[in-house]
Amino acid sequence: MRLKRRRLIWRSIRSRRDLVPVVDRTDRIEPGQVRAFVTARNEYTRLPYFLSHYRALGVGHFLFVLNNSDDPSQAFLADQPDVSLWRTDASYKAARFGVDWITWLQFRYGHRAWCLTVDVDELLIYPHWDTRNLTALTERLTQTGTPALGALMLDLYPKGPMDRPTYTPGQDPAEVLQYFDASPYRAQRQWPAQNLWVQGGPRDRAFFADRPARAPTLNKLPLMHWNRRFAYMNSTHSALPPRLNCAWDGPACISGDTRLSGALLHTKFLPDVVTRSREEKRRKEHFGQPGDFDRYYDWLSSAPDLWHDKAVPYKGWRQLLDMGILSDGGWA
C-alpha cells in the first residue's frame, strides 16, 4: 500500500503538465480556509447553485479543472472572484477519472488544510449544516481526532420519467429531485486498503438487481485534513494510507457507526441526464471497461422512472439523522 500510494502521488505530479491555467487566484487563499477541489465537464446548468451552496457552507476558495468543456462553464467560472481555474483536453479516463489532476492541486494548494473534494452533482450536508458552517464542522472533527468526514452518496430522483421535470439554473435541485431510497443499503470492508464498500439505492434496485456487484459505490470521504502524503485511490471512495478509510464504517442504519457523518445529495438525475448519458456512452471516458456499461447508458437515455411505492420524500438532514443515514456523533 505504501508503494501504491507513492506511485499515485508521483503520477499526479506528472499530470500537472495536462493542466493549462485559465485564471489563478490561489494567492487569495487564506490560512485556515476550507478549499474545494472540483473536476467538471459541461456543468454550467448546475454551477450557480453548486457555488451558492458551498459558499453558504463556508468554502473559502474553489479550485476547478474543466475537462474538454465546451459550454459556458469556463467564462462563468473565470468571472468568479473565489475561483481558480485550469482546463485540460487530456483524457479523463487516463487521469484516473480526474483524480490525478485533483491530487496534484491538493499536493500544491491543500497541504495541512481541510480540503473538500466533490463533483458538481454532489451537495454535502451534515447535522446542523444549516446553522453550523464547515469551520465549525472541521473544528469538531479536529476535536474528536477524526481526519476525514464519511458521507453516503444519496441518489435523489423525481417522480416520473427523468426528462419530464423542468430545472432552472440556480434552483435548488432538491425542489425537482424530491425522493430517495431509505433502504436497503449494504456495506463491507475490502483488503488490503481497508476501504469501505457501500451499495444500494435506486440504481441498485432498478438496474443492477441481477448483478449487485456492479452497482455504484456510494461511500465517500469528501472532506479531509489533507497532507501531501495522502492520495485518493478510487475517486473519493477510498484513500491511502489505509487508516483514512477507517474514519467511517458506513451509515449507522447498517453499521451502527454513530460517528459524525454526512450525506452527499446526488443530483445526477436532473433532466439533462438523458442527453448526457448518450454523450458519455459515445465518449467512453467513464468506467474502467466502458463497453460493459453500454446497457446502463441506454437505460438512462430512455428516461426511466425511478419512483416506486417505497420512495421517501426528502425533507432535510433531521429526517436523515432519524433514519440513521447520517449521524451527529454527539454533536448536539
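The values are calculated or read from the model by the stated rules, or taken from the named source; none is laboratory data. Computed from a predicted structure; not experimentally measured. Neighbour counts run over all protein chains shown; Cβ positions are idealised from the backbone, glycine included. Note: accessible area is taken over every heavy atom of the protein model, side chains too, but ligands, DNA and RNA are not part of it. Shrake-Rupley method; radii C 1.70, N 1.55, O 1.52, S 1.80 Å.
Annotations
- Counting only residues that are open to solvent by less than 60 Å² (accessible area, probe 1.4 Å), in a loop (DSSP other than H, G, I, E, B) and more than 26 Å from LYS315 (Cβ to Cβ), the range 108-118 holds 3 of them.
- Condition broken by GLN171, with the remaining ones in (1) in contact with a strand residue (DSSP E or B) (Cβ under 8 Å, 6 or more places away or on another chain); (2) closer than 21 Å to TRP317 by Cα satisfied: (1)
- In summary, SER235 fulfils each of the numbered conditions (1) farther than 18 Å from GLN194 by Cα; (2) touching a residue at least 24 places away in the same chain (Cβ under 8 Å); (3) open to solvent by less than 60 Å² (accessible area, probe 1.4 Å); (4) out of contact with any Lys or Arg (no Cβ under 6 Å at 6 or more places or on another chain) with the single exception of condition (1).
- Residues located in the range 119-131, provided they are in contact (Cβ under 8 Å) with a residue 12 or more places away in the chain and either open to solvent by 60 Å² or more (accessible area, probe 1.4 Å) or acidic (Asp, Glu) (or both): ASP119, ASP121, GLU122, TRP129, ASP130
- Tally of residues being under 22 Å from the mean Cα position of the chain (by Cα), open to solvent by 70 Å² or more (accessible area, probe 1.4 Å) and over 19 Å from ARG259 (Cα atoms) across the range 306-329: 1
- Count of the range 10-30 residues, restricted to those that are part of a loop (DSSP other than H, G, I, E, B) and in contact (Cβ under 8 Å) with a residue 60 or more places away in the chain, is 3.
- Test result for LEU66, over 30 Å from GLU279 (Cα atoms) and aliphatic (A, V, I, L, M): no
- Selection status of PHE97, assigned to a loop (DSSP other than H, G, I, E, B) and open to solvent by 30 Å² or more (accessible area, probe 1.4 Å): yes
- When the residues of the range 115-131 are filtered to those that are in contact with a strand residue (DSSP E or B) (Cβ under 8 Å, 6 or more places away or on another chain) and among the charged types (D, E, K, R), the one that is nearest to LEU326 (Cα to Cα) is GLU122.
- Which numbered condition ALA209 misses (of (1) outside any helix (DSSP H, G or I); (2) open to solvent by less than 20 Å² (accessible area, probe 1.4 Å); (3) at negative phi): (2)
- Within the range 172-201, residues that are exposed (fewer than 15 other Cβ atoms within 10 Å of the Cβ) have Cβ atoms under 9 Å from residues that are modelled with pLDDT under 95 and in a loop (DSSP other than H, G, I, E, B) in these pairs: PRO192/MET1, counting only partners at least 6 apart in sequence or on another chain.
- Among the criteria (1) surrounded by 21 or more Cβ atoms within 10 Å (Cβ to Cβ); (2) out of contact with any Leu (no Cβ under 8 Å at 6 or more places or on another chain), the one ASN42 does not fulfil is (1).
- Answer from SER84, SER91 - the residue that is in contact (Cβ under 8 Å) with a residue 60 or more places away in the chain, part of a loop (DSSP other than H, G, I, E, B) and open to solvent by less than 60 Å² (accessible area, probe 1.4 Å): SER91
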